[in-house]
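K.L.:
Attaching a single structure in structure tokens format; questions to follow.
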Amino acid sequence: MTGRVVAVSNRVAIPREGQAPGGLAVGVLAALREYGGIWFGWNGSTTTGEPKDAELQQDGTITYATISLNQQEFDDYYNGFSNQSLWPLFHYMLGHLKYDRRKFQAYVRVNALFARKLLPLLQDDDVIWVHDYHLIPLAAELRRAGVTQPIGFFLHVPFPDYDVLRALPVHEYLLRSMCAYDVVGFHTLGDLSSFQQCLLRPEIGADLLPGGRISALGRRLVADVFPIGIDPAQCAELGAQHQSDRAVERLQTSLQQRSLIIGVDRLDYSKGLPERFHAYQRLLEHYPANRRNVVLLQIAPPTRSGVRTYAEIRAELEGIAGHINGRFAEVDWVPVRYLNRSYDRGMLMALYRYARVGLVTPVRDGMNLVAKEYVAAQDPEDPGMLVLSTLAGAARELREAVLVNPYDTDGVAEGIQTALEMSLDERRERHQAMLATLRQNDISRWRQRFVEALKASRDTH
Ligand code: GDG
């Protein structure tokens with residue numbers, strides 16, 4: 001196959017020596033390795049003046065092209081419109097929604113800047129793959145500059161129903177911008193159908209055609225479902241390999257045969273952490289045999305420290321964890337171990353493998369890769385059990401998990417208890433079924449399907 005893939009995302013994850021890449025980086029890097037290409041995005045640093053042209057770093061067939069951003073523009077584009085408007089809106093959390101016209105304008109300007117800096121790097125037979133809600137207007141900006149190559153957009157977060165979307169004053173602008181792409185991808189059928197319903201509204205007046213094609217605003221595009229997967233073999237290998245790391249052994253010793261329940265989430269209000277802590281407390285109240293016999297290990301690396309709500313949720317969680325420990329702890333047992341830090345990926349997989357229960361209870365999530373990684377990292381002979389929120393995209397695929405509604409405190413407590421008590425036969429059976437799903441729809445399939453759809457869109461133009 002000819003033609004490079006040009007991936008664009010807010011941040012570029014340049015792999016570091018000796019570190020296994022995670023999440024979406026695995027898929028993007030594999031696509032770039034296969035076809036050759038560029039990964040373009042922000043380098044993580046800010047300046048006071050006008051950002052310079054992209055800095056290029058070559059690694060085999062992959063070019064990393066990164067730019068810095070002006071500090072004020074970054075604050076308004078990233079902390080402001082992206083994470084205070086779009087993130088809560090797309091997660092159906094209107095209580096957290098803030099809108100400021102100035103920040104929206106910075107969002108548009110940063111997208112125009114991305115287009116300007118990317119333009120000189122493009123070749124005629126490239127296909128461009130844009131990632132996530134930070135960059136919705138990028139295709140329209142590139143088109144304005146004369147780019148005719150296929151441009152695809154993958155949304156990593158949910159897409160809300162029209163009645164939620166329209167709370168944003170500039171929702172019509174977003175919908176119009178999405179129509180400048182050739183391929184638009186979502187995690188679930190629900191997200192796709194919300195998008196289609198929005199385009200049918202009189203503001204856009206699109207026609208839905210067979211085969212996922214859409215005719216809108218004088219253009220043709222394809223919208224489809226591309227549920228992101230993981231590399232299950234990598235998770236299993238890392239989990240087994242790191243089982244004897246000193247830190248994992250120290251954890252095992254400190255647990256003294258107690259059952260470990262694990263949660264791993266960016267510190268974000270969409271991940272349902274306060275609700276989860278309350279449910280764990282309910283477990284200790286309703287099923288007292290668990291007292292002294294279980295430990296909840298919650299790993300929550302802080303993110304988006306520039307947004308106030310994120311500092312607030314951190315303080316709230318510290319309060320609840322402190323309350324649970326204060327109420328239930330004994331001299332030799334602390335029920336919650338709450339860690340505001342990140343761990344090496346190998347260590348994380350070993351912790352997943354050691355935990356009897358994986359607790360993944362977001363109040364809304366596009367997919368949730370932790371749920372998939374937890375299942376993949378288990379020992380098939382004696383697997384732990386996943387307790388999964390029905391409001392995560394992953395629940396559409398992992399039907400054999402213990403499914404719970406994260407708002408139902410008693411229900412989540414009951415779900416944890418069910419997972420803790422599940423027989424070995426049932427755990428094996430459910431684990432096998434989930435692993436088969438993960439293998440069938442892995443990360444390679446995700447990026448292959450997307451890149452193929454993008455390349456095919458060139459032929460239909
Ligand atoms: C967005 C969407 C969608 C977490 N802590 C550590 C660590 N992680 C890794 C996990 C996993 C990734 O980060 C988190 O992915 P999620 O999917 O769970 O969540 P988001 O960050 O919100 O991702 C989500 C995803 O995009 C992909 O489309 O599934 O719905 O919100 O891979 O393992 N990795 C390491 N140390 C940590 O402490 N090394």
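The values are calculated or read from the model by the stated rules, or taken from the named source; none is laboratory data. The structure displayed is predicted, hence computed values, not measured ones. Note that each Cβ is placed from the backbone with ideal geometry, even for glycine, and that neighbours are counted across all protein chains shown.
K.L.:
Of the residues that sit in segment 131-149 and are touching a residue at least 60 places away in the same chain (Cβ under 8 Å) and buried (at least 24 other Cβ atoms within 10 Å of the Cβ), which one is farthest from the ligand (Cβ to nearest atom)?
P.N.:
Restricting to residues being touching a residue at least 60 places away in the same chain (Cβ under 8 Å) and buried (at least 24 other Cβ atoms within 10 Å of the Cβ), the top hit is Leu138.
K.L.:
Between residues in segment 263-279 that are free of Cβ contacts under 8 Å to residues at least 40 places away in the same chain and residues that are within 11 Å of the ligand (Cβ to nearest atom) and not small (Gly, Ala, Ser), which pairs lie under 7 Å by C-beta distance while being six or more apart or on different chains?
P.N.:
Arg266/Pro301; Arg266/Thr303
K.L.:
Just for helices (runs of 4 or more DSSP H) wholly inside segment 371-461: which have at least 1 residues that are aromatic (Phe, Trp, Tyr)?
P.N.:
By residue number, 443-459.
For (1) surrounded by fewer than 22 Cβ atoms within 10 Å (Cβ to Cβ); (2) in contact with a helix residue (DSSP H, G or I) (Cβ under 6 Å, 6 or more places away or on another chain); (3) farther than 30 Å from Leu420 by Cα, each residue gets a yes or a no:
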residue: Phe186; (1), (2), (3): no, yes, yes
residue: Gln197; (1), (2), (3): yes, yes, yes
residue: Gly212; (1), (2), (3): yes, no, yes
residue: Leu217; (1), (2), (3): yes, no, yes
residue: Glu237; (1), (2), (3): yes, no, no
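Listed here are the residues, each with its yes/no results for (1) on the phi > 0 side of the Ramachandran plot; (2) within 26 Å of the chain's Cα centre (by Cα); (3) at pLDDT 95 or above; (4) not acidic (Asp, Glu).
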{"residue": "Ala329", "(1), (2), (3), (4)": "no, no, yes, yes"}
{"residue": "Arg341", "(1), (2), (3), (4)": "no, yes, no, yes"}
{"residue": "Arg345", "(1), (2), (3), (4)": "no, yes, no, yes"}
{"residue": "Arg356", "(1), (2), (3), (4)": "no, yes, yes, yes"}
{"residue": "Val370", "(1), (2), (3), (4)": "no, yes, yes, yes"}
{"residue": "Ala376", "(1), (2), (3), (4)": "no, yes, yes, yes"}
{"residue": "Thr409", "(1), (2), (3), (4)": "no, yes, yes, yes"}
{"residue": "Glu421", "(1), (2), (3), (4)": "no, no, yes, no"}
{"residue": "His431", "(1), (2), (3), (4)": "no, yes, yes, yes"}
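K.L.:
Of all the residues that make up segment 31-54, how many are under 14 Å from Leu122 (Cβ atoms) and part of a loop (DSSP other than H, G, I, E, B)? First the steps, then the outcome.
P.N.:
Going through segment 31-54, the residues under 14 Å from Leu122 (Cβ atoms) turn out to be 36-40, 53-54.
If we keep only those that are part of a loop (DSSP other than H, G, I, E, B) too, we end up with 36, 53-54.
The total comes to 3.
K.L.:
Given the structure, is Arg345 surrounded by fewer than 24 Cβ atoms within 10 Å (Cβ to Cβ), within 24 Å of Pro227 (Cα to Cα) and near the ligand (Cβ under 8 Å from one of its atoms)?
P.N.:
Values: surrounded by fewer than 24 Cβ atoms within 10 Å (Cβ to Cβ): yes; within 24 Å of Pro227 (Cα to Cα): yes; near the ligand (Cβ under 8 Å from one of its atoms): yes.
Against the criterion (surrounded by fewer than 24 Cβ atoms within 10 Å (Cβ to Cβ), within 24 Å of Pro227 (Cα to Cα) and near the ligand (Cβ under 8 Å from one of its atoms)), Arg345 qualifies.
K.L.:
Output the number of residues of segment 395-413 satisfying the condition of being in contact with a strand residue (DSSP E or B) (Cβ under 8 Å, 6 or more places away or on another chain) and either farther than 25 Å from Asp224 by Cα or outside the structural domain of Gly272 (by TED's automatic domain parsing) (or both). So that I can check it myself, show each step before the final result.
P.N.:
Narrowing segment 395-413 to residues in contact with a strand residue (DSSP E or B) (Cβ under 8 Å, 6 or more places away or on another chain): 395, 398, 401-406, 411-412.
Filter once more, keeping what is either farther than 25 Å from Asp224 by Cα or outside the structural domain of Gly272 (by TED's automatic domain parsing) (or both): 401-406, 411-412.
Of the residues in that region, 8 qualify.
K.L.:
Step by step: first the residues of segment 115-141, then only those that are in a helix (DSSP H, G or I) and under 27 Å from Thr188 (Cβ atoms), then the one that is nearest to the chain's Cα centre (by Cα). Which residue is that? Lay out the reasoning, then the answer.
P.N.:
Let us first name the residues in segment 115-141 that are in a helix (DSSP H, G or I), namely 115-121, 133-135, 138-141.
Keeping just the survivors that are under 27 Å from Thr188 (Cβ atoms) gives 133-135, 138-140.
Numbers: Tyr133: 11, His134: 13, Leu135: 15, Leu138: 20, Ala139: 22, Ala140: 24 Å.
Per the stated criteria, the residue is Tyr133.
K.L.:
Suppose we filter segment 201-222 for residues that are touching a Leu at 6+ places or on another chain (Cβ under 9 Å), within 17 Å of Tyr181 (Cα to Cα) and free of Cβ contacts under 8 Å to residues at least 40 places away in the same chain; how many remain?
P.N.:
10
K.L.:
Could you list, in sequence order, the residues of segment 429-441 that are out of contact with any helix residue (DSSP H, G or I) (no Cβ under 6 Å at 6 or more places or on another chain) and under 30 Å from Ala7 (Cα atoms)? Write out each step before concluding.
P.N.:
To start, the set of residues in segment 429-441 that are out of contact with any helix residue (DSSP H, G or I) (no Cβ under 6 Å at 6 or more places or on another chain) comprises 429-433, 435-437, 440-441.
Listed by number, the residues that qualify are Leu435, Ala436, Thr437, Gln440, Asn441.
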